[in-house]
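Just so it is clear, none of the values below were taken in a lab; they were calculated from the coordinates. What you see is a predicted model, and the numbers here were worked out from it, not measured in a lab. Here Cβ is always computed from backbone atoms with ideal geometry, including for glycine, and neighbour counts include all displayed protein chains.
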Amino acid sequence: MESELMKAIRDRTAGIVVIGLGYVGLPVACMFAKAGFHVVGIRRDSEKIAQINQGICPIEGKEPGLQELLVEVIRQGSLKATTDYTVCREAQIALIAVETPVDKTTKRPGYEALRATLQDLGQNLQPGTLVIIESTIAPQTMETVVKPLLEEASGLKVNRDFYLANCPERVMPGKLLHNIENCSRVVGGMSPETAQVAVELYRYIVRADLDATDCLTAELVKAVENTYRDVQIAFANEVALLCENVGADVWEVRQLVNKSPHRDMHLPGPGVGGHCIPKDPWLLIHGTGDGFEARLIPTARAINDGMPLHMVELVEGALREVGKKVRGARIAVLGYAYKENTDDARSSPTIPVIERLKDLGAEVAVHDPYVRGYNEDLEKVTVGSDCVVVMAAHDQYRELSLENLKTWLRVPVLVDGRNVFGMSKAREAGFIYRGVGNV
Ligand code: SAJ
C-alpha cells in the first residue's frame, strides 16, 4: 500500500491535511499548496480560520513572503482552512503541528493539544494514510503516546493499515518560509519504508538534506539541538554575570573568544523565551527512564530562567545611582516579544520582568511594535519615564537616537538587556547605563 501512497505523492494527487495552523503549520501548509498539492488546514479557532480563508495571515511579525504566499494559494484554491476534522477522510497524508508545552511546575508535557488532535484524527483516519508529527516531542513519545492513541481511536494498525513518521520542525519566527526550504530535516519512520515515503513528500518543499532514520532518533535530534542551544546560551549568560562581577565587558570578551578556532560563544541576554528553547530541555529529560540523572541541563535552565530577575537587579542598581528606588518609579519596557522582529511573546522573558517591577511598586509602561496592545507610539509610552529597559532588539530600537530618547525621559537611565546601544555610546550621550555583562 505504501507504493500507492508513493504514487499519489509523485503525481501530487495525495490530499494533505495540516492540523495546527500556527508558526509551524501555516507556512508548511502554504508550501505544500504551492508545490501543487490540495491542502486543507485544520485549526480549532474559527476566527483565525475565517481570516486565513480570506488570505489574511494571522502571524503579525516580520515574516518575509508568507502573506503573499497565503494570498496566492487561497486564491488558486489549493489551500483552504476549516475546523471540521471529517476532511481527514479525504486525505492520504495528515501532518500534525500543534503546541507541546510543559507544565510550569512539574516541567512535564501534558500533550493536551496533541492527544485531542490524535483522538479527532484517529476517528476519521482512512486506511493507507501517512501521519507525520512535526511538533517537538519527548523521546519515546511516538511509541508510547502517538501510536497507541491513533490505533485505539481508529481501530487500525501501524505499518499494516496506516503509516507513522515524525519530521520535527526547525522553523524560527522571522524566517519561517526560509527555514522550511533551506534547513535540513530529520525524517523518522515507524519503518524504513515509511521514512522513505515521507522523504519523498518533503522533497517538494525542502531543498536541503532530508535524513531518514527511526522515530526515536528523530525525537532525540530535535530535543537535543534545542537543548544544546539553551546550554550554550546559559554559558554565555554565566560569563556575562562573571564579567559584571570583575568589571569587564562581556561583548568585547565574546567577540575575541569567537576569534579563536572552534568557538561559537552565544549571545548573553535578559532571558530565553519562545515556545521551544525554554521547554525542549524538559522534553528531552522527560523521555528518560530510571538510572539517568540530568545535571547540566536543569542547571542551564535555572541560569537562563534567572536572567529576567537579574535585569530587575540592574534596574535597581541604575536607579540607585540617581538616588531613586523602583517603588514609585515610572519604567518603560521596550520589547514584549521573546526576541527581535517577531510578534511571538510565548514564554517571553519580558513577562517576569514586568511582574517583578510591579511587585516592587513601579509604574510600568510597555512598548512593542509587533505585539497587539503594546504597539502605541514609542515616544508616548516612554515620555516622563525614570528608566528605559530594553528586552528585545527590534529594528525600531536599534534605529532609535539616544539624543531623542533622552529628551523624552525624566531621568536618563538605560538598562540594556540586548547590547542594542552599548555602554560607551550610552554614556557619551549622558545616560546612566547598565547592560547584561557590561556594568
Ligand atoms: N537567545 C539568546 N542568546 C542567543 C540566542 C538566543 O539569549 O545567542 C534567546 C532569544 O532571544 C530567545 C531565545 O533565546 O529569547 C530563543 O531564541 P532562538 O533564536 O534560539 O530560537 P527560536 O525559539 O526562535 O527558534 C529555535 C531554533 N532552534 C535552534 O536554533 C536550535 C529554531 O531552529 C527551532 O526551529 C525553533 O527553536 C523550534 O521551533 O524548535
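Tabulated values for the structure
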{"quantity": "Proximal charge balance of GLY422 [Cβ under 14 Å; K/R count +1, D/E count -1]", "calculated": "+2"}
{"quantity": "Extent along principal axes [Cα atoms of the chain; Å; largest to smallest]", "calculated": "75, 53, 40"}
{"quantity": "Segment 155-293: relative contact order as a whole-number percent, Cα under 8 Å and 6+ apart", "calculated": "19 percent"}
{"quantity": "Cα gyration tensor shape of segment 91-220, rounded if a/c is under 1.5, else prolate or oblate by comparing a/b with b/c", "calculated": "oblate"}
{"quantity": "Cα centroid separation - segment 4-30 against segment 230-291, whole Å", "calculated": "36 Å"}
{"quantity": "Total charge dipole magnitude, segment 1-158, about the Cα centre, Cβ charges on Lys, Arg, Asp, Glu only, Debye to nearest 20", "calculated": "100 debye"}
{"quantity": "Alpha-carbon centroid distance for the pair segment 70-97 / segment 344-360, whole angstrom", "calculated": "37 Å"}
{"quantity": "At least 18 Å along the helix axis (C-alpha) and Kyte average at least -1.0, DSSP helices within the chain", "calculated": "215-246, 296-321"}
{"quantity": "Radius 12 Å from Cβ of PRO148, net charge of other residues (Lys, Arg +1; Asp, Glu -1)", "calculated": "0"}
{"quantity": "Environment charge of MET265, counting only residues whose C-beta is closer than 13 Å and scoring Lys/Arg +1, Asp/Glu -1", "calculated": "+1"}
{"quantity": "Among 381-394, 249-262, 43-56, the order from most to least packed when residues are scored by Cβ within 10 Å on average", "calculated": "381-394, 43-56, 249-262"}
{"quantity": "Over segment 18-113, relative contact order from alpha-carbon pairs under 8 Å, at least 6 apart, %", "calculated": "33 percent"}
{"quantity": "Kirkwood Rh (inverse of mean 1/r, distinct Cα pairs), segment 215-335, angstrom", "calculated": "16.5 Å"}
{"quantity": "Normalised contact order of segment 13-74, rounded percent, pairs of Cα under 8 Å and 6 or more residues apart", "calculated": "32 percent"}
{"quantity": "Full-extension gain in nm, VAL71 to HIS262, via 0.36 nm per residue minus C-alpha separation", "calculated": "64.4 nm"}
